[in-house]
Structures are given as C-alpha cells and as structure tokens.
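The block underneath contains the structure these notes are about, expressed in structure tokens.
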Amino acid sequence: MSIRVRSLFVIFPLCLSLTITGCGLQALLGNKNKTSSTQGETKAVIAVSLDEEDPNKLLITKGIDDLAKKENVQVKYLEQSAAGEGSPLKGAKVLIYQGGNPSLLKNAETNKIPVLALSQLPAGVKPVGIITPDQEKVGELMAQTLVGKVAEGQVVILQGDPSDTGFQERLAGNKAVLSKYPKLTVQTIVSSPDSETVAKQGLVDSLQKNSGKVQGILAYTEKLAVLASAVLKEAQADKKISLVGGQASVASLERISSGAQAGDVDTSPYLQGVNAYQWAHKIMNKESLDVNDSITSEQGEIPAKIIQVKAVTPDNLALIQKSYTKTLQSAEQDKKQTEQTDQASKSKDQSKDQGQAEKTNQSGDKTGASSEGQGQQQQDKPSSLPPGVKTVTERIKTETTREYLDAQGKVIGTEKTTNEQVKTVPPEMLKQQSEQSKEDATKDGGDQSAKNEGMGKK
C-alpha cells in the first residue's frame, strides 16, 4: 500500500491546533499580510467537496473560511447532489476534495481543474497534492494511550475500510507499540463504510467468545468509536474495557469526560482546513508548495503536507475540549450569519423582481384604461370649490428610509427622514384646473363616441 518518503523539511511544533487565539492565525501563516484585491475585481473561486459524515466538517470549513476572508477569494462548498446541477465547478480554479459525489472528480479532470486531496486520496484521479494528518503517529498514540491502561489480555482493532488512506500506516503504528507487550494479543475487524453492521457484529461476537479476555478496543474513526461505545454500554462493559479512538471530536471528548472512553487523538481538523486553503491558493497562483512528505499510491507519488497530531488524555482534555467547543461554536455562528446574509440577499432580489412586476402590471393597466376609467379619475377630483373659500393650502409630507449595507448585502443600519411642506395655492388656479379637467373629459367622451360611431358604420 502506501509508502511514506520523509523529506528534509522540518515540521516545527504547533501550539494547540484548534485555538483561535493564543497561537495566532498569523503565526501559522508565516506572517503573510496580504491585502485584499480591489472591490471591483472578480473573485477567484475555490471549490470544496467535504465528507458529509466527517464529525469535524465544520471545523475544517472554519479553517478554510478564516483565511478566505482575508483574500479576494470565493469558497464554493459543494453538496452531495452538486454534481447533477449543470456545471458545479464553473469558474473554479482548484477543487479541494475530501469526499462527496465522485463525478466531481471526472468533471474536474474534463475541465482541467487541479484536485487537492484532503485526508483521503480520491480514486481514479491523481491529485496535485494531499493534506493529511500523520497517520502512523495516530496509530502509535492510540496504542500508547491503551497500554497506559492495559498491559495484558486481548485488544480488538476496529480498522474500518482497508481502502482508506492511512489504513496501513495506522496499523503499523499500532503494531510498533503493541508488539512490545507480549502479554497482549491482537484481533482486527475490517469493514467497509457501507457495512457498519459487519463491524458491530464482529465486535459483539468477539466479546462473547472471549468473555473477560478483551481488555481494550482501538477504533480508527469517530463512527467506529460511537459504534464500539454503544456495544460496550449494551454489554455493561463500558467501565471494564478501555476504548481509544483515532479521530477526536466534540462528541468523543464528552465521552472521555464522562469516563466512557479512555482517550483519543486530535487530528487537528482546523489546521487541515487552514493548510488546505493555503495549498489551494498556491496551486491557483502557480506557486511552489511547502511539501514535507510524499505518499505513494496507485496514481504515483503524491506531494503531501503532513499535519501534526496529539494524544487526548484526561491530563489535557479540558484544554482541548475548550478549543474544540469554542471553534465549533464560532464555526456555527459563521454558518448562521452566512445563511442569514444569503437569505437577505435572496429576499432583496425577490422584492426587486416583485416591484418590477408590479410596475409592469401598472403600466399595462394604464395603457389599457378606457374612457370610463378616465371619467372615474375626474370624479375623484372636486368639481368645484366649496362656497366661501378664500385661501387654499396644500400639505405635502414625504418619508424617506435609507439603509446602510455591508459588502455582503447585510443591513447594518437604517435612517429615516421626514419632510413636510405646506404651500398656499390660489383658489383661482384650482378653479381653472377644475374647468380644464371638465373640458378634457367632455372632449375625451366626444372622441370616444365618434370613434364608436365610426366603428359601427364599418
């Protein structure tokens, strides 16, 4: 399977992967203070297709969006059904692909759009690079956490899909640590993404056949960790058997806090998003990539950026849990604001369309109005002035509402002004206008009668 080729690039230690403050985003960017392009310039488009089942999807998008805000770049997130919507990659300069509709890859290949893999190498296409956690280190940290709890007995490894990127590396990391403990025996359970029942039944059978012997479980993904936690709880063994995951999430950190899970591995999803954007931006601008590794696959050697990982234990749980929670809350708030902005923009467009339609209808009504309508308008005006009138005043009141919008079209302030004018109108002028209106109505009525008479003769 995959062979990892280490290069001479030095990976400097990163501070807490998900902390928005403290470590500082600018520090991660190498102090690159780029200014945004002029407002009139067309934004470059980076398309992103993520795995809908990734528990840290929002954290990844947060990493991408935080950098995109500082550039004149539009990030277009593609849903599972996006490939069936005409040209989902229209205008895109690069596609960040973690999962989703596989036909997007074919679309990218046809339109010669570079593909940047995130976490997983896509099948059938050679990406220009991949951003991925250090998979072998993940396997080592999982096993190290487990042997801190268990020194003998049986260990069950829930591996998931063997075709997943990093499968062999994680297993190698597991074995490198577990092999040092001769009193531990290892059983592996392999399953595909669509065969969750296979993994569940395999674990249930293992617990039944080896009653009292199974002391630990290693689950490669959060999905498998959830499954294992449910099985252990149902068997009333969640306090007896140590469960260690390989993909920390807000949910898994809560399980560790409650004692239902012994540990996990922080794969730095926020930093995955940050680095994915950085590479996509460099690919778009034809700049060199800061490669620190490579992965050999069926498509050949793939340049890689390996993200540092760390073990999650009760000792650092509070700090990591705080980071994940804060970053997730910020991501959810950003998502909500984006949805509100989009909705406001749509409502504004609909209002414009409706207003235009009303103007068109009114124009049609005026064009098709008959002499009867004109006569009605004349009836609405006073035929004569009331007796005894010496002075006539007109009071005109106008109200203006001014809206202030930001760059996204969101209303951030309103201002209302009222203007009232009072003017005196000579009664003679009104009498003259009234008499002129009567003459016009009589003339229009005569013209209409003549026209009808002419039509009758024809």
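Restricting attention to the stretch 300-336, report how many residues are farther than 18 Å from G273 by Cα and free of Cβ contacts under 8 Å to residues at least 40 places away in the same chain.
5
Taking A176 as the residue in question, decide whether it is among the hydrophobic types (A, V, I, L, M, F, W, C) and in contact with a Gly (Cβ under 6 Å, 6 or more places away or on another chain). Quick ask: steps written out before the conclusion?
Values: among the hydrophobic types (A, V, I, L, M, F, W, C): yes; in contact with a Gly (Cβ under 6 Å, 6 or more places away or on another chain): no.
No: the conditions fail for A176.
What number of residues in the stretch 152-205 are at positive phi, modelled with pLDDT under 95 and assigned to a strand (DSSP E or B)?
Selection size over the stretch 152-205: 1.
Scan the stretch 235-254 residue by residue and report those that are at pLDDT 95 or above, open to solvent by 10 Å² or more (accessible area, probe 1.4 Å) and under 30 Å from D51 (Cα atoms).
Within the stretch 235-254, S242, Q247, V250, A251, E254 meet the criteria.
Select from the stretch 190-202 the residues that are aliphatic (A, V, I, L, M) and surrounded by fewer than 18 Cβ atoms within 10 Å (Cβ to Cβ) and write down the one among them that is nearest to K149 (Cα to Cα).
The initial filter retains those residues of the stretch 190-202 that are aliphatic (A, V, I, L, M), namely 190, 198-199.
Of the ones still in play, those that are also surrounded by fewer than 18 Cβ atoms within 10 Å (Cβ to Cβ) are 190, 198.
Numbers: V190: 24, V198: 27 Å.
Among residues in the stretch 190-202 that are aliphatic (A, V, I, L, M) and surrounded by fewer than 18 Cβ atoms within 10 Å (Cβ to Cβ), the one nearest to K149 (Cα to Cα) is V190.
Say whether the condition of being assigned by the TED database to the domain that holds L121, open to solvent by less than 10 Å² (accessible area, probe 1.4 Å) and over 26 Å from the mean Cα position of the chain (by Cα) is met by at least one residue in the stretch 281-294.
yes
All but one of (1) surrounded by fewer than 24 Cβ atoms within 10 Å (Cβ to Cβ); (2) in contact with a Leu (Cβ under 8 Å, 6 or more places away or on another chain); (3) within 20 Å of Q278 (Cα to Cα); (4) of a type outside the set (G, A, S) hold for N101; state the number of the condition that does not hold.
Only one criterion in (1) surrounded by fewer than 24 Cβ atoms within 10 Å (Cβ to Cβ); (2) in contact with a Leu (Cβ under 8 Å, 6 or more places away or on another chain); (3) within 20 Å of Q278 (Cα to Cα); (4) of a type outside the set (G, A, S) is unmet by N101, namely (3).
What are the residues in the stretch 308-332 that are part of a strand (DSSP E or B) and open to solvent by less than 10 Å² (accessible area, probe 1.4 Å), if any?
Answer for the stretch 308-332, where residues must be part of a strand (DSSP E or B) and open to solvent by less than 10 Å² (accessible area, probe 1.4 Å): just V312.
Given the conditions (1) surrounded by 18 or more Cβ atoms within 10 Å (Cβ to Cβ); (2) over 13 Å from L95 (Cα atoms); (3) of a type outside the set (D, E, K, R); (4) outside the structural domain of G259 (by the TED database), report the number of the one that A117 does not fulfil.
Only one criterion in (1) surrounded by 18 or more Cβ atoms within 10 Å (Cβ to Cβ); (2) over 13 Å from L95 (Cα atoms); (3) of a type outside the set (D, E, K, R); (4) outside the structural domain of G259 (by the TED database) is unmet by A117, namely (2).
Being open to solvent by 10 Å² or more (accessible area, probe 1.4 Å) and either free of Cβ contacts under 8 Å to residues at least 60 places away in the same chain or of a type in the set (F, W, Y) (or both): is that true of T110 here?
yes
With touching a Leu at 6+ places or on another chain (Cβ under 8 Å), within 30 Å of I307 (Cα to Cα) and open to solvent by less than 20 Å² (accessible area, probe 1.4 Å) as the only criterion, which of G166, G173 stands out?
None of the other options fit; the residue is G173.
For K126, state whether it is among the charged types (D, E, K, R) and either in a helix (DSSP H, G or I) or outside the structural domain of D205 (by the TED database) (or both).
yes
Any chance the stretch 47-56 includes a residue that's among the hydrophobic types (A, V, I, L, M, F, W, C), surrounded by 13 or more Cβ atoms within 10 Å (Cβ to Cβ), at pLDDT 95 or above and farther than 21 Å from D164 by Cβ? Break it down stepwise before answering.
Of the stretch 47-56, the ones among the hydrophobic types (A, V, I, L, M, F, W, C) are 47-48, 50.
Narrowing the set further to residues that are surrounded by 13 or more Cβ atoms within 10 Å (Cβ to Cβ) leaves 47-48, 50.
This time we only want the ones that are at pLDDT 95 or above, so: 47-48, 50.
Subsequent filtering for residues that are farther than 21 Å from D164 by Cβ retains 47.
Yes, some residue in the stretch 47-56 is among the hydrophobic types (A, V, I, L, M, F, W, C), surrounded by 13 or more Cβ atoms within 10 Å (Cβ to Cβ), at pLDDT 95 or above and farther than 21 Å from D164 by Cβ.
Hey, can you tell me all the residues within the stretch 129-151 that are part of a strand (DSSP E or B) and either hydroxyl-bearing (S, T, Y) or in contact with a Cys (Cβ under 8 Å, 6 or more places away or on another chain) (or both)?
T132, the sole residue that qualifies.
Counting just the residues of the stretch 203-225 that are of a type in the set (D, E, K, R) and touching a residue at least 40 places away in the same chain (Cβ under 8 Å), which one comes out surrounded by the most Cβ atoms within 10 Å (Cβ to Cβ)?
So, considering only residues that are of a type in the set (D, E, K, R) and touching a residue at least 40 places away in the same chain (Cβ under 8 Å), the one surrounded by the most Cβ atoms within 10 Å (Cβ to Cβ) is E222.
Listed residues T267, T341; which is open to solvent by less than 30 Å² (accessible area, probe 1.4 Å), modelled with pLDDT of 95 or more and polar (S, T, N, Q)?
On inspection, the qualifying residue turns out to be T267.
What do you reckon, is Q261 in a loop (DSSP other than H, G, I, E, B), touching a strand residue (DSSP E or B) at 6+ places or on another chain (Cβ under 8 Å) and either of a type in the set (S, T, Y) or open to solvent by less than 20 Å² (accessible area, probe 1.4 Å) (or both)?
Taking the combined requirement at face value, the residue satisfies it.
Quick test of your reading of the structure: Q187 fulfils all but one of (1) touching a Ser or Thr at 6+ places or on another chain (Cβ under 7 Å); (2) under 16 Å from A225 (Cβ atoms); (3) surrounded by fewer than 18 Cβ atoms within 10 Å (Cβ to Cβ). Name the failing condition by number.
(2)
It is to be established whether one or more residues within the stretch 284-293 are of a type in the set (D, E), over 20 Å from P133 (Cα atoms) and in a loop (DSSP other than H, G, I, E, B).
Scanning the stretch 284-293 turns up at least one residue that is of a type in the set (D, E), over 20 Å from P133 (Cα atoms) and in a loop (DSSP other than H, G, I, E, B).
The values are calculated or read from the model by the stated rules, or taken from the named source; none is laboratory data. Here the structure is a predicted model, which means the values were calculated and not measured. FYI the Cβ positions are ideal-geometry reconstructions off the backbone, even for glycines, and counts take in every protein chain you see. In case anyone asks, the SASA skips ligands and DNA or RNA and just uses the protein heavy atoms, side chains included. Shrake-Rupley method; radii C 1.70, N 1.55, O 1.52, S 1.80 Å.
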